[in-house]
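Engineer: There's a structure below that I have some questions on.
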Ligand code: GLA
């Protein structure tokens, strides 16, 4: 579908007038640097073409009226009395709450929202909604939109309102990505660099069709374990630790906490190595880093499930596959593979059929082009 044109019609149906703006914010796939962002570490995600769009028209009062096409549901809330509830509207309310807490003076708006980022697959549909919401409020309330500042607002919505203690990666890449590039982000300083992606390899997202249960609590537990490790090691964050010191002080850490830390420290190094590999055009090495990352997430960080391990194993054994790994928070959802373009067709067919045989499930495969960060599609 062509979201903007459909959205205009839907907007007209809902509000009997035309929208003034349409904003878009993309989902993302993380190439390397998993569970490093809340350890002040490095990440290498790219934005994907799957996105969230909001068509909007500013209102004179402080109410938000929004219809979500995916849920065929309209909700109304007042910016003067935000109340926690459940469902898709919480991401919008969470953003409004975070903006007001940061002293932004907000105005209301009418909106129609549509998204095609697969939900629960580890492709950041929630960050896409949050970043689209920051843009929507900026246009309705006439404040200047700034990528870093608004990514931080999106993260506050997630942490303070939705209750997931997430890092900054997803919101930053949705806000600041460049087409054709991955975003090399230092999550401590929020400095970033756009790294060109090689044209001869395709990025394939492989959704296992399994969804994570109780992920929020498992995610928060991992984060607490990392904090425990950095406290014992006497560093501000695991970003400041190294493997030599970790191994020397192994006896002071619980075995599980030691393994969590080993994942984070080695994963940070893999991101740095990946940047060198990309700069040198060394796709074979870049792919090896994918594989090493998966092993570490499986054995040390323990955030994979059988489906992820199967699909990654199947992908890795195909000709033309440089490497594959789970992506996102884990516990289900999607994996990502780096594949020679000329092998794409054969790769996709083989992965789908071998995965079906092994798991009984249908995998969804998406060939992803690196897209730009959030944009205004119509004004
Ligand atoms: C989720 C979080 C991110 C990041 C990843 C794991 O996507 O929202 O901040 O921690 O998990 O790398």
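The values are calculated or read from the model by the stated rules, or taken from the named source; none is laboratory data. Keep in mind the model is a prediction, meaning the values are calculated, not measured. Virtual Cβ from ideal backbone geometry, glycine too; neighbours counted across all protein chains shown.
Engineer: Across segment 2-23, what is the number of residues that are part of a loop (DSSP other than H, G, I, E, B), out of contact with any strand residue (DSSP E or B) (no Cβ under 6 Å at 6 or more places or on another chain) and touching a residue at least 40 places away in the same chain (Cβ under 8 Å)?
Structural biologist: At the first step, the residues of segment 2-23 found to be part of a loop (DSSP other than H, G, I, E, B) are 2, 16-20.
Narrowing further to those that are out of contact with any strand residue (DSSP E or B) (no Cβ under 6 Å at 6 or more places or on another chain): 2, 16-18.
Then drop every residue that is not touching a residue at least 40 places away in the same chain (Cβ under 8 Å), which leaves 17.
Number satisfying all stated conditions: 1.
Engineer: Sort out which residues of segment 126-160 are within 14 Å of the ligand (Cβ to nearest atom) and in contact with a helix residue (DSSP H, G or I) (Cβ under 6 Å, 6 or more places away or on another chain), and write them in order of number.
Structural biologist: Hits for segment 126-160 are 126, 127, 128, 129, 130, 131, 151, 154, 155, 156, 157.
Engineer: Another question about this same structure. Can you tell me how many residues in segment 161-182 are in a loop (DSSP other than H, G, I, E, B) and within 13 Å of the ligand (Cβ to nearest atom)?
Structural biologist: First pass over segment 161-182, keeping only residues in a loop (DSSP other than H, G, I, E, B): 163-168, 177-180.
Okay, now just the ones that are also within 13 Å of the ligand (Cβ to nearest atom), so 163-168.
The number of residues fulfilling the criteria is 6.
Engineer: Then there's this: Going by what's in this entry, would residue 100 be described as in a helix (DSSP H, G or I), surrounded by fewer than 21 Cβ atoms within 10 Å (Cβ to Cβ) and modelled with pLDDT of 95 or more?
Structural biologist: Yes.
Engineer: Filter segment 288-335 for residues that are within 12 Å of the ligand (Cβ to nearest atom), under 18 Å from the mean Cα position of the chain (by Cα) and not in a helix (DSSP H, G or I) and give the result.
Structural biologist: 303, 325, 326, 327, 328, 329, 330, 331, 333, 334
Engineer: Right, another one. Select from segment 116-125 the residues that are over 19 Å from residue 155 (Cβ atoms) and either more than 16 Å from the ligand (Cβ to nearest atom) or not in a loop (DSSP other than H, G, I, E, B) (or both) and list them in ascending order.
Structural biologist: Listed by number, the list holds a single entry, 116.
Yes or no, residue by residue, for (1) more than 19 Å from residue 291 (Cα to Cα); (2) surrounded by 24 or more Cβ atoms within 10 Å (Cβ to Cβ); (3) touching a strand residue (DSSP E or B) at 6+ places or on another chain (Cβ under 9 Å):
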site: 333; (1), (2), (3): no, yes, yes
site: 336; (1), (2), (3): no, yes, yes
site: 343; (1), (2), (3): no, no, yes
site: 346; (1), (2), (3): yes, no, no
site: 353; (1), (2), (3): yes, no, no
site: 364; (1), (2), (3): yes, no, yes
site: 371; (1), (2), (3): yes, no, yes
site: 378; (1), (2), (3): yes, no, yes
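Engineer: Output the residues belonging to segment 183-197 that are in a strand (DSSP E or B) and either over 16 Å from residue 39 (Cα atoms) or in the same structural domain as residue 238 (by TED's automatic domain parsing) (or both). Explain how you work it out, then say what you get.
Structural biologist: First pass over segment 183-197, keeping only residues in a strand (DSSP E or B): 183-186, 192-196.
183, 192, 193, 194, 195, 196, listed by residue number.
Engineer: Moving on. Please determine, by comparing only the residues of segment 24-79 that are in a loop (DSSP other than H, G, I, E, B) and away from the ligand (no atom under 14 Å from the Cβ), which one is surrounded by the most Cβ atoms within 10 Å (Cβ to Cβ). Spell out the reasoning first.
Structural biologist: First pass over segment 24-79, keeping only residues in a loop (DSSP other than H, G, I, E, B): 33-36, 40-41, 59-62, 72, 79.
If we keep only those that are away from the ligand (no atom under 14 Å from the Cβ) as well, we get 59-62, 72, 79.
Values: 59: 16, 60: 7, 61: 11, 62: 15, 72: 7, 79: 21.
If we take residues in segment 24-79 being in a loop (DSSP other than H, G, I, E, B) and away from the ligand (no atom under 14 Å from the Cβ), then 79 is surrounded by the most Cβ atoms within 10 Å (Cβ to Cβ).
Engineer: Filter segment 142-161 for residues that are in contact (Cβ under 8 Å) with a residue 40 or more places away in the chain, within 21 Å of residue 66 (Cα to Cα) and either surrounded by fewer than 17 Cβ atoms within 10 Å (Cβ to Cβ) or over 16 Å from the mean Cα position of the chain (by Cα) (or both) and give the result.
Structural biologist: 161
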